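Reading through the structure tokens given below for one structure.
Derivation of every value follows stated rules applied to the coordinates shown; laboratory data play no part. No experiment lies behind these values; they were computed from the predicted model shown. We place every Cβ from the backbone using ideal geometry, glycine too, and count neighbours over all the protein chains shown.
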């Protein structure tokens, strides 16, 4: 016999699919957790005993199936058995005969002796020899039994009816002769109504192939029960087992296996009422004793308190009040068989469906259906540490499925579901108990009937979809008709809400609830169209038991046009006939109204009356209108224009302006050239109006300088123009006002804005200005700088050229050089020509390297900044000279005219070579020579000290006189330890040393480690050249530092520090140089 177990066979999958039972909660609420009440089942088993059962169940396996069902019941449950055929007869408990007749016997709790009586009664009394199938009488008898035993309307009792049949009542032979089909069906309907109303759930089992499936489905659905179907009577055991688990609150572990041995163990929780071990034989050949050996232990102890039952299809064991621990199963079978292992826990649990409330609440499509389940122990034991999860699987009427994981809050599990259509929904609740690695499951199936909603229809009556005359800011009247299933909505329709909204880009702009007007039965209101653009108008309706509906379409909301006076400008001074009257209509772009009539009132506020103006379209500017009716007299005027749009008057803002016969300026700018080095002449000529007084006119100009960069601020210079014959003005009193503008250091375009001010006008002070007829722009293309270059020398001595000054002595000649810098705005655009003078006093010329001196030459400006060096030679001294350099700038692109410029060289010439100058020069040469020769014979004293790591003197080397070069005997100290140091000191007479280009002191180490140069004794400055290694003579970085300053270090091979002299730190020693 092979010892193999095959887990999770295909039969288990079939078993789970077969768990399609329908169940609902009792009408009355279940008791609260821990109230001490025990939930009992009052069960009526209805078993068909018509003759057709001989063909459907020849081996009477229904007896085994019902027997297992009774075994599964707890000791508090009560069971009655009814056999039905020609009539319905109560088999258990047996009817009692007395003097008055036959009476019923009360039901008893299913303790073991009672169970044995029920099983024996089924064996003896269930027959298969009757001619008819009186299903209606079976239901009547079940109702009578439940009523007699007070099973209806009690919160602690759940009444259940389980009906098994293979028959039907469609033909005359199905019923006794005294009962018609109509009468039987009426009886069934009456029984179902009363049973369903009292919360009795009927579980039906159809056996074979000829049963009335439609009738059985009707019986189970109308009582919130479940229907099971099977052709094979051997599967009745599974059907009864599933029904029991469905109606009870037990948890089951299922494992499909194969083999001749079963060894298994699982956890038993604290306070379990009992533990059931069921092994179902699925082999094709059933044997009376398929279990040949059996052992059950709990915590390795043999179980003594045990109830057992066996048949050809199953082996049943119930352990009473097991202790907490591990329950071990050890079975041996008579052959290698397929079997299912079922482990059932009884934890005194109750699974109570609180919502949906099928018996008291109607549910409609698209409404949110709350899901709420209460899970608790009726013995009051806490379940805080017990792990549960509940998953709801829903099958819709169209077959689509949805799964919802319920959320746990203590003993309540909640969720929600929205049914999309009417019909019957199958809700499969799988409650899973998790213990260690095992999962025990209780599966219940509820059916919920979802009702259809009435169809709401919204018809928009206002506005019309063909009109688009809507402007932003206006009110839109809306009206709608509401229909229910094609008829006007009744006044008693509950919670009917009709809304209207307008939205832009999905964002709701305005939304209101509409009110019903009794006169025309329309729902009406007003929306505000706040913004222009494409709008979506939507009207919707909602009501109880009705499908929400909406109607919508797009409308165009346009901006209300604005009317603006573009000329004259508000608070502006004008000459008669020096302006136009012009208005512009903006925002008309939807084609709602194509023609407009513009009118305006021109009011002379000085007292000359009011004139109505007429306008015509401006052909050159769409949307603009012009009037040719200009004011004829001086004064202060006010102008207001108007038009109509969609029957609404559109007004312009009023404009106030001033009309006077004034002299107005015409501006002009006359630069001498395009160079920034020459002032610009700015002039304004007054155009005379014939007004002799001219209202005390004054003229000025605003100059806008070019920006130095894109981010720099605009700079405005105010320039006063005068007609006084000064500062560039040619003649006083000629009505030409002028001034020179010399702030032209920045290249670029300058803008000149002329303005006249009339002090004597009788208008507000801030409006007495009148802009020039024109605005002038002048571009500065380049500028030229003259600056000192390098001083030159001549045979007779030195001369120096300073800005605007040439100096030379009488009778002597001198020479020098200066630079002329030219800056332009763009490279390679300009070319330049220079012409230099050659007079009796001075000669100025340009000389390139390798070329003959030239007094005239040309060059292309390939750079923005260009520099030219000129040479001058003074021919005579004691002269005041003023000579020009002429410059011509040419634009290669031809956009600017050629510009000319003159740079004047002015000053007095002399040569500083007097006798005293020669004496001073010779003395200076003598001192420098003496200093040099003294330096070469300088003697130095030096001392070398070597210290160890404790700063103790190791050796002291002294020499007396060293001439010029100081040589340090590094070969003697090169092997010093890392903590030792060397101190080297020497003294210098710094006061006697002067400037010299060469090094005054050289310290040359024999190993070529470093060199120290003291090159400027007056400044007390040292220059150190470092090599990287002792044996590397390549010089490294330079370092300049004054002694007696802060410490400094270099991160090379050596570290250098200056402190009251110079100290050089190497890797192995320190060298100090002290003055």
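Computed quantities for the displayed model
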item: Stretch gain in nm, segment residue 116-residue 900, where the contour uses 0.36 nm per residue and the Cα spacing is subtracted; result: 268.7 nm
item: Inter-label distance, nm, simple model (7 Å from Cα along the C-beta direction), residue 334/residue 528; result: 9.2
item: 349, 651 arranged by Cβ crowding within 10 Å, fewest neighbours leading; result: 651, 349
item: Dimensions in Å of segment 219-374 - Rg and Dmax from alpha carbons; result: 19.2, 58
item: Residue 698/residue 564 FRET efficiency (R0 41 Å; Cβ-Cβ; nearest 0.05); result: 0.80
item: For peptides 337-348, 384-395, 128-139, sequence by mean Cβ density within 10 Å, most packed first; result: 128-139, 337-348, 384-395
item: 10 Å-binned pair-distance histogram of segment 465-615 (Cα, whole percent); result: 9, 28, 20, 16, 12, 9, 5, 1
item: Residue 720-residue 742 FRET efficiency (beta carbon distance; Förster radius 22 Å; 0.05 resolution); result: 0.95
item: Fewest-first sequence of 203, 257, 539 by Cβ atoms within 10 Å of each Cβ; result: 257, 539, 203
item: Full-extension gain in nm, residue 404 to residue 848, via 0.36 nm per residue minus C-alpha separation; result: 150.2 nm
item: Equivalent ellipsoid semi-axes - Cα gyration tensor, segment 664-780, angstrom; result: 27, 17, 10
item: Estimated FRET transfer efficiency when R0 is 30 angstrom, pair residue 289-residue 432 (beta carbons, to 0.05); result: 0.30
item: 893, 140, 863 arranged by Cβ crowding within 10 Å, fewest neighbours leading; result: 893, 863, 140
item: Burial ranking of peptide ranges 501-509, 747-755 (average Cβ count within 10 Å, highest at the top); result: 747-755, 501-509
item: Two-site label geometry, residue 178 and residue 633: point separation in nm, points 7 Å out along Cα→Cβ; result: 12.8
